[in-house]
1. Does V230 satisfy the criteria of being in contact with a His (Cβ under 7 Å, 6 or more places away or on another chain) and among the hydrophobic types (A, V, I, L, M, F, W, C)?
2. Looking at the range 142-191, which of its residues are in contact (Cβ under 8 Å) with a residue 40 or more places away in the chain, β-branched (V, I, T) and under 23 Å from Q210 (Cα atoms)?
3. Could you tell me whether the range 37-44 includes any residue that is touching a residue at least 60 places away in the same chain (Cβ under 8 Å) and either within 18 Å of I101 (Cα to Cα) or among the small types (G, A, S) (or both)?
4. Answer with yes or no whether N217 is touching a residue at least 60 places away in the same chain (Cβ under 8 Å), closer than 30 Å to K94 by Cβ and surrounded by 15 or more Cβ atoms within 10 Å (Cβ to Cβ).
5. Going by the structure shown, is T201 loosely packed, with under 13 Cβ neighbours inside 10 Å and either outside any loop (DSSP other than H, G, I, E, B) or more than 11 Å from the chain's Cα centre (by Cα) (or both)?
6. Restricting to the range 273-313, give me the number of residues that are more than 26 Å from the chain's Cα centre (by Cα) and at pLDDT below 90.
7. Could you figure out which of (1) closer than 26 Å to V218 by Cβ; (2) buried (at least 16 other Cβ atoms within 10 Å of the Cβ); (3) in contact (Cβ under 8 Å) with a residue 12 or more places away in the chain isn't true of R72?
8. If Y138 satisfies all but one of (1) modelled with pLDDT under 95; (2) closer than 30 Å to S150 by Cβ, what's the number of the condition it fails?
Amino acid sequence: MNRTMIKNYINAGSIKVVANLDLAANKIKYTGITQHREITEITGDEEMSRAFLITKLVNELGYSMDKIEIEREYTAGRSPKLSPRIDIIVRDMKGDAFLFIEAKSPSEYAAIDKDKTINDQLYQVAALEKASGRNIKYLVLYTTEESLSSVTDNCMIIDMEEYPTFDDWDAGRNYTNNIPARYGKAQHKPYVKTSDKDLETDFSSEMIMQLQTDLHNVLWGGGGTDDNEVFSSLVNLILAKIQDEDVTEDGEVYGFQSLTFEKERDGEFESNEILFERINKLYRDALKAKLYILDEAELAKSYVVDTKKFSLS
């Protein structure tokens, strides 16, 4: 992690939520927010990611400092009692939790079992928040992501009103990735050719390692498939992605992505079946255009992944 880059971003904010940040001494001091447990030490990169996000919430996304809490602790269990904490809460005017955020360092975010983390550290802790009579809108698993020149968000945002339990969410696994501004709706911004996310050339080695880990963990599925099948499926997916980049015109939305229907259907996610069919068509088109497989019978039997081994979710 480039802590100096994050410090420069924090120092540039006109509203100061980090009163002091001493990287040499690993010291930090927050101001203006509610601290259920005062944080003074930078014990790891997770704290830098949290400081970045809180600064962004206030300076870019329009949230008031007095609506932000950190280190909220809950009591769970009987004996011995557990004391789970949530890293950040952004409350609304009624006192409900609009954003319920678990922050991780980039390296931890890449390595963790995200399903287990979402269940144990978000859904289960959120249940304790709801037991106190407060509602929750969005669950957020968050870290920072760096290029050589900037720091951005890397997150999974789950609408808890739509998916009140982990099992509800796990059935479709829909999430967005843009933190909403000023209590707005979390959207999944589609990638458009020539957009600012079209081609990143100043990526870091850490970013590549994180992508590698995430891709493997998703396809490997906790051990249900062997590495040869994972590798073969990943090659097929990359071939479909290359085909999409070749045939998509400037200004058009890429096909190799999960889409939401922001206006027509009020943010509804497309089904996994529709997404699979679109990517599978890209794959078959790539077999024709790139590998010169023209036998229609053979193409009809070709699938980008084996759905008997890889669930659509």
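1. For V230, the condition - in contact with a His (Cβ under 7 Å, 6 or more places away or on another chain) and among the hydrophobic types (A, V, I, L, M, F, W, C) - is met.
2. Those that are in contact (Cβ under 8 Å) with a residue 40 or more places away in the chain, β-branched (V, I, T) and under 23 Å from Q210 (Cα atoms): T143, T144, V151, I158, T176, I179.
3. From the range 37-44, those touching a residue at least 60 places away in the same chain (Cβ under 8 Å) are 44; that's our starting set.
Still in the list and also either within 18 Å of I101 (Cα to Cα) or among the small types (G, A, S) (or both): 44.
Yes, the range 37-44 contains at least one residue that is touching a residue at least 60 places away in the same chain (Cβ under 8 Å) and either within 18 Å of I101 (Cα to Cα) or among the small types (G, A, S) (or both).
4. When the stated conditions are applied, N217 does not pass them.
5. yes
6. Count: 1.
7. The number of the failed condition is (1).
8. (1)
The values are calculated or read from the model by the stated rules, or taken from the named source; none is laboratory data. Note that the coordinates shown come from a computational prediction; the quantities given were computed from them, not determined experimentally. Reconstructed Cβ throughout: ideal geometry from the backbone, glycine too, with neighbour counts over all protein chains shown.
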